[in-house]
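A.B. asks: My structure is below; once you've seen it, I'll send some questions.
The values are calculated or read from the model by the stated rules, or taken from the named source; none is laboratory data. In this text the structure is predicted, and so the values were computed from the model without any measurement. Here the Cβ is made from the backbone with ideal geometry for all residues, glycine too, and neighbour counts use every protein chain on show. Note: areas computed on protein heavy atoms with side chains; ligands, DNA, RNA excluded. Shrake-Rupley method; radii C 1.70, N 1.55, O 1.52, S 1.80 Å.
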Amino acid sequence: MELAYYSDYAVRLVNTEEPARGTDSLTTVESVRELFGANGQAARRATDADVTRFRSVRARLRAVFEAADSGDETLAVDLLNSLLLEFPVSPQISGHDARDEDGKPDWHMHLADHPSNATAGFAAIAAMGLAFHLTSHGVDRLGLCEAPPCRNAYLDTSTNRSRRYCSDRCATRANVAAYRARKRLETERAVETRRTADTAQPSSPNTDR
């Protein structure tokens, strides 16, 4: 498992809540376990107590994205460093059972966590994955969706650093809203132009009979 993969852990956790919409899907131990994806062994460690702990880590990870999105690189790094210190991991070279075309182990970096609970394990790999993405691609690659009221977190992997939305759905919604706003403005300007023209026209002189 490559280190880049782990950065998605942070995104998945942050996006379980949409503050502007007042929604939160992180309410049960089952929702906590779903965040681990294919890592079933780690998921099985989760208990009801992890719901509250996960929410606390989620708030801290969102703060990292918010700082990065606002352009405060130093704050984003400081917040992420505090997570890395609190939830350490041990990088290891792993091959598991994977083999390349020559039959040799497919060696790759793996993050081995030694958690006291499920939250500590998830937070450790999420923070490390996000740190790897930040240092490899830049703080400005951590963003929050610009389509209100979404504000979901995303990792920008575009070649020209142009991503602004968390999904195609939000991008389409924002583009439609922008188009409608332009059309309204054009209509308002056209109406105002007609009013100005009508006001400028001289009134017809009265004719005595």
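A.B. asks: How much length would be gained if the chain were fully extended between THR23 and THR47, taking 0.36 nm per residue of separation minus their Cα-Cα distance, in nm to one decimal?
C.D. replies: Contour length minus Cα-Cα distance gives 6.4 nm.
A.B. asks: How much area per residue is accessible in the chain when the probe is 1.4 Å and only protein heavy atoms are counted (Å²)?
C.D. replies: Accessible area per residue: 62 Å².
A.B. asks: Can you give the longest stretch of the chain with no exposed loop site, where a site means GluC sites (Glu not before Pro) in a DSSP loop (not H, G, I, E or B) with at most 14 other C-beta atoms within 10 Å?
C.D. replies: Between the exposed loop sites, the longest stretch runs 102-209.
A.B. asks: Right, something else. What cysteines in the chain have no other cysteine with a beta carbon less than 4.7 Å from their beta carbon?
C.D. replies: CYS170
A.B. asks: Between helix 3-14 and the chain, what is the angle of the helix's C-alpha long axis to the longest principal axis, kept within 0 to 90° and rounded to the nearest 10?
C.D. replies: Approximately 60 degrees, to the nearest ten.
A.B. asks: Also, I was wondering about something else. Using a simple spin-label model with points 7 Å from Cα along the Cα→Cβ vector, what separation in nm is obtained for GLN92 and ALA197?
C.D. replies: Reported label-point gap for GLN92 and ALA197 is 7.7 nm.
A.B. asks: List the relative contact order of the chain as a percent without decimals, with contacts defined as Cα pairs under 8 Å and 6+ residues apart.
C.D. replies: 24 percent.
A.B. asks: I've got another one for you. Dipole magnitude of the chain about its Cα centre, charges +1 at Lys/Arg Cβ and -1 at Asp/Glu Cβ only, in debye to the nearest 20?
C.D. replies: So the dipole magnitude of the chain works out to roughly 960 debye.
A.B. asks: Can you tell me the FRET efficiency between LYS183 and ASP156 if r is taken as the Cβ-Cβ distance and R0 is 25 Å, rounded to the nearest 0.05?
C.D. replies: 0.25
A.B. asks: Over region 1-132, what percent of the accessible surface lies on carbon and sulfur atoms, probe 1.4 Å?
C.D. replies: Carbon with sulfur: 51 percent of the solvent-accessible area.
A.B. asks: By how many degrees, between 0 and 90 and to the nearest 10, does the Cα long axis of helix 168-200 differ from the longest principal axis of the chain?
C.D. replies: Between the helix axis and the principal axis of the chain, the angle is about 10 degrees.
A.B. asks: On full extension of the chain, what length is gained from VAL176 through GLU30, given 0.36 nm per residue of separation minus the C-alpha to C-alpha distance?
C.D. replies: Roughly 48.9 nm would be gained on extension.
A.B. asks: A follow-up question, please. Please list 3J(HN,Hα) in residue order for region 43-50, calculated via the Karplus relation 6.51 cos²θ - 1.76 cosθ + 1.60 where θ = phi - 60°; whole Hz, with x for glycine and proline.
C.D. replies: So the Karplus estimates, Gly and Pro as x, are 4, 5, 6, 5, 10, 4, 5, 6 Hz.
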